[in-house]
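Worksheet: one structure, shown below.
The values are calculated or read from the model by the stated rules, or taken from the named source; none is laboratory data. Quick caveat, the model's predicted, so the values are computed rather than measured. Cβ sites come from the backbone with ideal geometry, for glycine too, and all protein chains shown count toward neighbours. For accessibility, only protein heavy atoms count, side chains too; no ligands or nucleic acids. Shrake-Rupley method; radii C 1.70, N 1.55, O 1.52, S 1.80 Å.
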Amino acid sequence: MPISLTNEMMRAIIMDHSSNPTNKHTPSGEGYQKVHMHSDNCIDDLDIYLKIENDRVVDACFEGIACTISLSSTDIMCDLMKGKTIQESLYMIEQYQHMMHEEPFDDEVLDEAIVFINTSKQAARIRCATIGWNAANSILKDK
Amino acid sequence: MYDIKKVRLDFPMLQNKTMQGKPLVFLDNASTTFKPRQVIEAMDKYYLEMNSNSHRGDYDLCYNMDVEVAKARETIAKFINSDVNEVVFTSGDTEAINLVAYGYALEYLKKGDQILISETEHASNVLPWYRICDLTGAKVCFVKLDDKRITVEGVRNAFKDNKSIKLVALAHVGNVLGYEINAKEIASICHKNGALFLLDGAQSVPHMAVDFKDLDVDFLTFSAHKMCGPTGIGCLVGKYVLLQKMATFHTGGGMNVKFNNKQEVIPLDAPAKFEAGTLNLSAIIGFKAAIEYLTNLGMENIHKHDQELFEYAISKLEGYDNIIIYNKDSNSGIIAFNIKGVFAQDEATLLNSKGIAVRSGQHCAKMIDPVIGEPATVRMSTYLYTSKEEIDIFIDNLINGGDILDAYFFN
Ligand SMILES: Cc1ncc(COP(=O)(O)O)c(C=O)c1O
């Protein structure tokens with residue numbers, strides 16, 4: 001993903017995923033693992049579902065109430081995670097966390113998620129930008 | 001004459017502070033308030049000149065500390081018009097409510113009894129009662145609201161329908177919508193029906209004159225930090241006969257006359273029997289200084305100042321159809337609102353990026369969403385040092401603040 005996205009493009013990506021989150025639905029089939037996450041300083045109250053087969057995330061979706069940042073960041077995460085191995089997913093989550101905390105990170109793997117690079121400007125919203133990612137992490141890390 | 005410019009000079013937090021590179025506009029005073037120099041200096045004085053425990057030594061420093069604590073208690077008693085020994089120091093409003101829950105309700109309520117509260121209460125005036133109900137088999141019931149408000153009629157009807165109510169616990173001024181209840185009338189209804197009345201004064205005592213004896217409530221609770229005082233201190237004011245009847249809650253040093261190896265304890269009289277362990281002494285000194293500060297300004301003036309700012313803000317917001325205000329008919333220093341189509345948290349973050357501190361969410365009143373009809377609101381709340389200029393900045397940013405994502409992509 002080119003880091004040369006303009007601010008306008010990044011904003012458009014966030015707005016697109018928050019107004020039309022394609023991964024926001026309950027799973028239609030069987031075999032999903034669910035984690036519930038909520039935050040006490042925001043409205044976020046989400047269920048994250050991952051379907052893992054042969055070491056690979058084959059589907060990811062979520063349902064619940066969320067602010068713009070948690071909605072869009074979780075939706076983007078679901079897009080990016082589908083098809084990745086557990087190892088790849090965990091690495092991506094780790095790099096995303098580094099970006100959140102203004103530490104050096106590998107932008108190659110973050111793709112569209114790079115649009116949240118400025119979250120640290122609004123520190124109170126880091127929790128929102130990471131809620132879905134933390135949920136996925138808690139499912140994947142025990143695999 | 002209330003001289004706001006002069007008042008503001010007393011507060012270090014109001015001197016050239018910035019947030020997100022913008023002048024700080026603090027409009028989250030229902031959560032906590034800034035402290036004037038007078039309070040900070042009084043607390044420093046404890047550590048710099050008076051450092052000692054209270055009632056534990058035979059030397060002058062310790063004696064003087066006892067005198068200071070007694071003076072603080074007198075100052076508080078005078079401020080809310082109670083007797084001195086009716087004032088119990090607690091860590092804050094929350095602990096004060098818990099003290100009544102565990103000291104009174106746990107002791108005297110039983111299965112079949114009911115505790116009347118409302119769906120607009122703060123968690124601190126809900127969860128202690130839930131816990132007591134778990135322990136005793138009593139039940140919590142809710143007063144029927146009249147379009148978001150608790151009315152005298154609502155309380156009266158609750159007693160008509162329900163003969164088992166033994167305790168009523170309500171906020172004097174709600175922390176989300178800022179509505180004031182008619183505490184005196186409600187106290188009288190409670191007493192006619194054989195119930196006790198706890199008034200949660202967290203949002204009223206800091207903003208208006210509250211007279212414990214005149215209201216004739218049984219318990220009144222509040223926190224110093226919401227009234228220019230320090231965190232970690234507050235009080236329960238209770239009718240003395242009830243305090244004496246109550247069981248102790250925290251036990252330990254400083255609350256007993258004697259005890260022996262047969263597990264017999266003789267507690268001190270109230271209020272000392274509730275004040276186990278070393279008290280938060282610097283905070284008690286600061287609490288006293290805060291009350292002196294408020295008294296000097298005059299509670300009538302402080303109340304009027306809040307009301308004027310409220311009316312000023314509401315009138316300026318008139319005509320902006322995309323700003324939904326949920327409590328236009330209130331008149332305390334709290335405005336609860338949303339911008340159409342914008343999540344409350346997103347709006348609060350945008351305001352943060354402009355240097356404006358407000359709170360979003362349910363403000364600890366987690367049963368209020370069906371009452372308002374929204375999962376979350378933005379709350380702005382003023383205090384005695386809030387200026388019209390700050391209201392102007394706030395409103396200008398509500399109206400012309402731009403897109404919520406500006407919070408991340410500008411600056
Ligand atoms: C109405 C009400 N009750 C209780 C509390 C709890 O106060 P504290 O956190 O100081 O104990 C608050 C504070 O927000 C409040 O607004």
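Key figures for this structure:
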{"quantity": "Condition broken by B:SER353, with the remaining ones in (1) open to solvent by 20 Å² or more (accessible area, probe 1.4 Å); (2) within 14 Å of another protein chain (Cβ to nearest Cβ); (3) polar (S, T, N, Q) satisfied", "calculated": "(1)"}
{"quantity": "Scan of region A:36-45 for residues that are facing chain B (nearest Cβ under 10 Å) and surrounded by fewer than 18 Cβ atoms within 10 Å (Cβ to Cβ), ordered by number", "calculated": "A:ASP40, A:ASN41, A:ASP45"}
{"quantity": "B:ILE117 being among the hydrophobic types (A, V, I, L, M, F, W, C), in contact with a Pro (Cβ under 9 Å, 6 or more places away or on another chain) and within 13 Å of the ligand (Cβ to nearest atom)", "calculated": "no"}
{"quantity": "Some residue of region B:217-226 being without any contact (Cβ under 8 Å) to a residue 60 or more places away in the chain and within 20 Å of the chain's Cα centre (by Cα)", "calculated": "yes"}
{"quantity": "Residue match in region A:7-17 (condition: out of contact with any Lys or Arg (no Cβ under 8 Å at 6 or more places or on another chain) and not in a helix (DSSP H, G or I))", "calculated": "no"}
{"quantity": "Tabulated pairs, region B:10-23, first not assigned by TED's automatic domain parsing to the domain that holds B:GLU292 and among the acidic types (Asp, Glu), second modelled with pLDDT of 95 or more and open to solvent by 70 Å² or more (accessible area, probe 1.4 Å), C-beta under 7 angstrom, 6+ apart or interchain", "calculated": "B:ASP10/B:ARG37; B:ASP10/B:GLN38"}
{"quantity": "Count - residues of region A:75-112 that are in contact with a helix residue (DSSP H, G or I) (Cβ under 6 Å, 6 or more places away or on another chain) and within 14 Å of another protein chain (Cβ to nearest Cβ)", "calculated": "2"}
{"quantity": "Selection count, region B:393-411, where residues are among the β-branched types (Val, Ile, Thr) and farther than 21 Å from B:GLU318 by Cα", "calculated": "1"}
{"quantity": "Single residue of region A:41-65 satisfying the filter (outside any strand (DSSP E or B) and in contact with a helix residue (DSSP H, G or I) (Cβ under 9 Å, 6 or more places away or on another chain)) that is modelled with the lowest pLDDT", "calculated": "A:ASN41"}
{"quantity": "Unique match (being of a type in the set (S, T, N, Q), at pLDDT 95 or above and open to solvent by 40 Å² or more (accessible area, probe 1.4 Å)) among B:ASN193, B:ASN98", "calculated": "B:ASN193"}
{"quantity": "Pair list, Cβ under 9 Å, 6 or more apart: region B:389-411 residue at the interface with chain A (Cβ under 9 Å from one of its Cβ atoms), other residue of a type in the set (Asp, Glu) and assigned to a helix (DSSP H, G or I)", "calculated": "B:ILE404/B:ASP346; B:ILE404/B:GLU347; B:LEU405/B:ASP346; B:ALA407/B:ASP346; B:PHE409/A:GLU8"}
{"quantity": "Members of region A:17-35 that are without any contact (Cβ under 8 Å) to a residue 12 or more places away in the chain and either more than 14 Å from chain B (Cβ to nearest Cβ) or surrounded by 14 or more Cβ atoms within 10 Å (Cβ to Cβ) (or both)", "calculated": "A:ASN20, A:SER28, A:GLU30"}
{"quantity": "Boolean, B:ILE302 is in contact (Cβ under 8 Å) with a residue 12 or more places away in the chain, under 29 Å from B:VAL210 (Cβ atoms) and within 14 Å of another protein chain (Cβ to nearest Cβ)", "calculated": "no"}
{"quantity": "Qualifying residues in region B:313-350 (those that are among the hydroxyl-bearing types (Ser, Thr, Tyr) and either within 14 Å of chain A (Cβ to nearest Cβ) or out of contact with any helix residue (DSSP H, G or I) (no Cβ under 8 Å at 6 or more places or on another chain) (or both)) - the one most open to solvent (accessible area, probe 1.4 Å)", "calculated": "B:SER315"}
{"quantity": "Pick from region B:15-73, criterion open to solvent by 20 Å² or more (accessible area, probe 1.4 Å) and of a type in the set (Val, Ile, Thr), ranking: nearest to the ligand (Cβ to nearest atom)", "calculated": "B:THR32"}
{"quantity": "Some residue of region B:261-278 being of a type in the set (S, T, N, Q), open to solvent by 10 Å² or more (accessible area, probe 1.4 Å) and free of Cβ contacts under 8 Å to residues at least 60 places away in the same chain", "calculated": "yes"}
{"quantity": "Members of region A:66-105 found to be assigned to a loop (DSSP other than H, G, I, E, B), in contact (Cβ under 8 Å) with a residue 12 or more places away in the chain and open to solvent by 10 Å² or more (accessible area, probe 1.4 Å), listed by number", "calculated": "A:LYS82, A:GLY83, A:LYS84, A:HIS101, A:GLU102"}
{"quantity": "Residue in region B:128-138 that is among the hydrophobic types (A, V, I, L, M, F, W, C), more than 17 Å from B:ALA224 (Cα to Cα) and within 16 Å of the ligand (Cβ to nearest atom) present", "calculated": "yes"}
{"quantity": "Residue ID - farthest from A:SER72 (Cα to Cα), chosen from residues in region B:395-411 that are open to solvent by 50 Å² or more (accessible area, probe 1.4 Å) and part of a loop (DSSP other than H, G, I, E, B)", "calculated": "B:ASN411"}
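Here is a yes/no grid of residues against (1) within 16 Å of the ligand (Cβ to nearest atom); (2) among the basic types (Lys, Arg); (3) part of a helix (DSSP H, G or I):
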residue: B:VAL88; (1), (2), (3): yes, no, no
residue: B:LEU99; (1), (2), (3): yes, no, yes
residue: B:ALA187; (1), (2), (3): no, no, yes
residue: B:CYS190; (1), (2), (3): no, no, yes
